[in-house]
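Values quoted throughout were computed directly from the atomic coordinates according to the rules given, and no laboratory measurement underlies them. Being a predicted model, the structure only gives us computed values, none of them experimental. Cβ placement follows ideal geometry from the backbone for every residue including glycine, while neighbour counts extend to all protein chains displayed.
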């Protein structure tokens with residue numbers, strides 16, 4: 001349970017896309033937000049847009065795959081804004097590589113950022129929240145954790161691992177009053193032109209809801225998981241995909257047949 005009037009949330013990868021939307025949603029909910037991103041300029045831009053005087057949003061450069069940087073940034077956030085009450089592990093990369101042509105370095109980079117990063121940040125958060133106890137972690141996974149994709153073996157593996165890391169963290173940190181959950185977005189158009197017309201049309205045929213996801217769809221779900229309304233939800237992964245996984249592929253039974 002988060003009891004402070006202005007709790008502190010640290011959001012990774014908050015310089016753009018989903019992270020930017022999540023930071024905005026939490027700021028609107030009266031959180032002090034630590035906007036972290038490997039692109040310091042992007043983090044500064046988001047923090048400035050959220051808080052003109054910098055009092056309720058601060059920017060920090062963070063490479064989540066570096067244990068030293070994670071430790072330093074968490075210490076700085078605690079000093080500048082207060083002990084973090086919530087952590088949103090959003091930072092991630094999604095390159096495309098055929099499994100036969102994938103360089104080892106590409107595999108390592110995706111696993112380092114998408115899986116090791118949440119581990120390091122969750123470990124730092126958990127250590128800080130042992131006394132006092134309590135806090136919430138939300139990991140941003142993906143429907144790719146449950147639906148294999150050509151050209152994304154490293155990404156799918158990292159997100160599947162993140163779902164299981166979420167469950168393990170919930171088991172270990174639950175006794176300390178720390179809840180840990182995940183959200184698994186489907187296709188989300190984070191910026192205009194981010195999704196090609198052809199790709200969007202292909203996905204739309206498999207989404208019963210009839211539209212591509214928006215950043216606020218995911219951000220609102222993250223916000224819910226940080227509230228007391230979700231106090232008894234722990235170790236879960238909430239899919240936010242318009243029904244993509246339940247309806248894939250969206251087939252109609254013998255449409256030419258007579259009834």
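Things worth noting here:
- Rounded to 10°, Cα long-axis angle of helix 67-80 versus longest principal axis of the chain: 60 degrees
- Compared with the dominant principal axis of the Cα atoms in the chain, helix 117-128 is inclined by about 30°.
- Put simply, when 210-219, 235-244 are sorted by average Cβ atoms within 10 angstrom per residue, most first, you get 235-244, 210-219.
- log10 of Debye I(q)/I(0), alpha-carbon scatterers only, for the chain at 0.10, 0.14 Å⁻¹: -0.48, -0.92
- Sequence-separation-based contact order of the chain, relative, with Cα cut under 8 Å and 6+ spacing, percent: 19 percent
- Percentage, to the nearest whole number, of Cα pairs in the stretch 1-143 over 23 Å apart: 31 percent
- Using the Cβ-Cβ distance between residue 229 and residue 80 with R0 set to 22 Å, the FRET efficiency from 1/(1 + (r/R0)^6) comes to roughly 0.15.
- Residues considered: 103, 208, 185. Largest GNM mean-square fluctuation over the chain, using C-alpha springs under 10 Å, is found at 103.
- Segment residue 67..residue 246, full-extension length gain: 60.7 nm, with 0.36 nm per residue of separation and the alpha-carbon distance subtracted.
- Inverse mean reciprocal Cα-Cα distance (Kirkwood Rh) of the stretch 72-124, Å: 13.0 Å
- Every Cα-Cα pair of the stretch 3-55 was included, and the share exceeding 18 Å stands at 19 percent.
- Separation of alpha-carbon centers, the stretch 80-123 and the stretch 5-65, rounded to whole Å: 18 Å
- Most to least packed among 162-174, 26-38 [average Cβ atoms within 10 Å]: 26-38, 162-174
- Judged by the mean number of other Cβ atoms found within 10 Å, the most tightly packed of the peptides 146-155, 11-20 leads the ranking 11-20, 146-155.
- Estimated from helical segments only, the mean residue ellipticity of the chain at 222 nm is -12000 deg cm²/dmol, where each DSSP H run of four or more residues counts as -39500 (n - 2.57).
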